[in-house]
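Here's the structure, in structure tokens; my notes come after.
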Amino acid sequence: MYLAEVKTWDIVKKQYRYKLKSYFGVFTSLIVIQLLAILFSFNGTGSGSGSSNSIQYDFYYYTSDIILIFMMIWAFITAIIITTRAYRYDDFSFVTNRVISQVSNILFLLSSSIFAGITVYLSTNLFQILAFYFKNNYSIIVDSLTVTEFIIGMITSILYIFLFASAGYLVGILIQLHKGFLLIIPTVLFGGLILDGIGGDPRVFENVTMFFGQETSFILFICKIAIVSSLLLLASLGISNRMEVRK
Amino acid sequence: MINIVLLLVIFVVVSSGIGILRSNTKLSLGTRKIRWILGGYTMILAIATVISLSILPNHKNDEKIATAAEMSSIEDAQTKAIDNLYSGNVVDLDKIFSEKKKWSFPFNEKSLDIVLTEGETGIMSVFAERKSENDGEIEATYHVGKSYIDGVDFTDKVHSPELLLNGQQLTVNNPALVTVSFSRFSPGFAYSQFSKGGHFTQENRSSVIGRDFILLKVPNDIEINGDISWINE
């Protein structure tokens with residue numbers, strides 16, 4: 001029997017609300033990275049050309065691809081950043097435990113991913129309208145979206161961003177567990193990619209990309225992202241429970 | 001140039017990342033300032049979206065975008081139809097090719113010389129078929145197959161050749177080369193992954209340039225000189 005009965009979920013909600021306010025700064029980097037992505041997208045995100053007997057053609061794509069990829073990277077880095085000491089020690093202002101702290105962090109990452117996913121769509125409109133007015137377009141073809149395509153596309157963007165945030169969170173927790181991971185993770189990641197490419201037939205990166213990118217069933221895609229993200233976050237949770245309270 | 005900027009950006013991001021990971025303090029501009037920046041940015045994005053959704057739909061592509069599989073099937077059908085044409089089979093010609101232009105020339109000479117002029121688009125393929133009677137008329141039809149660039153149908157853009165009959169000489173001037181340049185505004189792979197085969201597979205990013213030829217129907221007893229292919233002869 002205690003004077004004040006506290007429920008775990010109430011503390012999670014309080015911490016989540018606090019983190020939304022406290023970690024607000026990460027959204028300034030979102031704006032900067034999104035503006036950079038718009039800049040890089042401005043020359044077109046893809047192009048093609050060719051000729052035959054009767055037609056000579058060239059075309060440019062203006063899509064949200066670069067903006068979305070930059071947002072995935074942003075989510076990855078943001079997730080690492082919120083595991084750093086400066087952010088982690090904020091949790092000690094509350095009556096808390098590791099699980100509550102982690103869950104509120106995950107909720108924050110989910111909210112950030114939702115915001116980033118929505119702004120990917122909005123900023124695509126911004127850069128397409130800029131490209132429309134400032135680029136020398138001979139003729140324009142606009143691929144429109146149905147309401148279902150729009151909703152599915154938005155959810156897909158959010159899920160991709162959240163997947164990267166989950167991966168970033170695990171990386172961040174590993175680095176906080178031991179600083180040696182700061183060297184090991186990039187070495188394994190980039191070294192693996194280089195070794196994979198040296199053989200002339202890169203498979204690992206391609207297979208990982210295709211595992212999500214070639215999925216044509218939306219339900220299965222959600223399941224894949226949910227399972228992989230859950231595994232990454234559960235691993236983070238497990239590892240963080242082994243960490244010292246405050247060092 | 002853009003690669004150097006990209007490298008610079010990556011360097012700055014990595015250096016700041018390492019700096020943040022090593023520091024004990026949070027980077028912040030102050031919540032109030034950030035709120036204003038974020039609010040302003042979101043507002044700009046919302047306005048841009050409203051403008052974009054009200055202007056860009058005027059350039060909407062109402063035609064169905066052909067998939068790589070559909071384009072491949074169309075290309076195969078055209079190649080097969082041309083092969084069949086050489087062996088005298090004209091049965092499915094109208095299903096695969098459209099008649100873009102027709103000519104009719106009164107002709108009462110005994111022989112016809114066909115001159116194919118080589119333009120920037122090469123030399124036109126000409127097939128000839130004898131009619132069952134001598135009606136004193138040469139009929140010519142320009143057949144063109146579907147042309148898709150990046151899945152978009154551009155068949156209508158193809159120009160027709162020019163046919164000139166001077167005495168007993170029929171000159172075929174090849175059509176002028178068509179230059180097609182366009183910008184395609186698409187939502188991106190996240191929006192097309194489940195509806196159009198997905199960007200990862202490069203589903204729509206291929207092109208098919210339709211085959212074209214002229215089919216001549218000539219009076220039965222006429223003699224033709226020139227680089228043509230006879231049907232059923």
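Throughout, read-outs are computed from the coordinates displayed, never taken from laboratory work. Please read all numbers here as calculations on a predicted model, not as lab measurements. Cβ sites come from the backbone with ideal geometry, for glycine too, and all protein chains shown count toward neighbours.
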Sparse-neighbourhood loop sites, GluC sites (Glu not before Pro) in the range B:33-91 - DSSP loop, at most 14 other Cβ within 10 angstrom: B:Glu63
Would you work out which of A:Gly25, B:His143, A:Phe59 lies farthest towards the positive end of the dipole of the protein assembly as shown? Charges go on Cβ: Lys and Arg +1, Asp and Glu -1. A:Gly25
Quick one: which residues, 5+ away or cross-chain, put their amide H under 5 Å from the amide H of B:Ser147? H built at 1.01 Å from N. B:Phe154, B:Thr155, B:Gly210
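Taking the Cα centre as origin and putting +1 on Lys and Arg beta-carbons and -1 on Asp and Glu beta-carbons, what dipole magnitude results for the range B:68-230, to the nearest 20 debye?
Values: 15 positive and 25 negative charges, 128 e Å.
My answer is approximately 620 debye.
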quick note, the protein assembly as shown, DSSP beta bridge pairs, % antiparallel (nearest 5) is 55 percent
Search the structure for amide H atoms under 5 Å from the amide H of A:Thr45, placed 1.01 Å from N in the peptide plane, and list their residues when 5 or more places away or on another chain. A:Tyr61, A:Tyr62, A:Thr63
Cβ charges +1 (Lys, Arg) and -1 (Asp, Glu), total dipole of chain A, debye: 1140 debye
Would you kindly derive the ³J(HN,Hα) couplings of the range B:219-233 from the backbone phi angles with the Karplus curve 6.51 cos²θ - 1.76 cosθ + 1.60 (θ = phi - 60°), listing them in order in whole Hz, with x for Gly and Pro? x, 4, 9, 7, 9, 10, 10, x, 8, 10, 10, 7, 9, 6, 9
Please state, as a whole number in µm²/s, the translational diffusion coefficient that the Stokes-Einstein equation yields for chain A at 37 °C and 0.692 mPa s, with Rh defined as the Kirkwood radius across alpha carbon pairs. 160 µm²/s
At each listed q (0.12 Å⁻¹), what is the log10 of I(q)/I(0) that the Debye formula gives for the protein assembly as shown modelled as equal alpha-carbon point scatterers? -1.07
Convert each backbone phi in the range B:110-119 into a coupling constant with the Karplus relation 6.51 cos²θ - 1.76 cosθ + 1.60 (shift: θ = phi - 60°), then list the ³J(HN,Hα) values in order as whole Hz, x for Gly and Pro. 7, 9, 10, 9, 9, 10, 9, 8, 8, x
How large is the charge dipole for the protein assembly as shown, taken about the Cα centre, if only the Cβ atoms of Lys, Arg (+1) and Asp, Glu (-1) carry charge, to the nearest 20 debye? 4560 debye
May I ask you to sort B:Trp103, A:Trp74 by Cβ crowding, counting other Cβ atoms within 10 Å and putting the fewest first? B:Trp103, A:Trp74
So B:Glu162 and B:Glu99, fully extended at 0.36 nm per residue minus their Cα-Cα distance, gain in nm 21.2 nm
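As a check on your grasp of the helix formula, calculate [θ] at 222 nm for chain A: sum -39500 (n - 2.57) over DSSP H runs of n ≥ 4, divide by the residue count, round to the nearest 500. Before the final figure, lay out the partial values.
Numbers: 9 runs with 171 residues, N = 247.
Result for chain A: -23500 deg cm²/dmol, rounded to the nearest 500.
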Between A:Thr148 and A:Ile114, Cβ-based FRET efficiency (R0 22 Å, step 0.05) works out to 0.70
Taking H placed 1.01 Å from N in the peptide plane, check which residues at least 5 places from B:Ser183 or on another chain put their amide H under 5 Å from its amide H. A:Tyr60, A:Tyr138, A:Ser139, A:Ile140, A:Ile141
Add +1 for every Lys or Arg and -1 for every Asp or Glu among the other residues with Cβ under 14 Å from the Cβ of B:Ile228, and state the total. -3
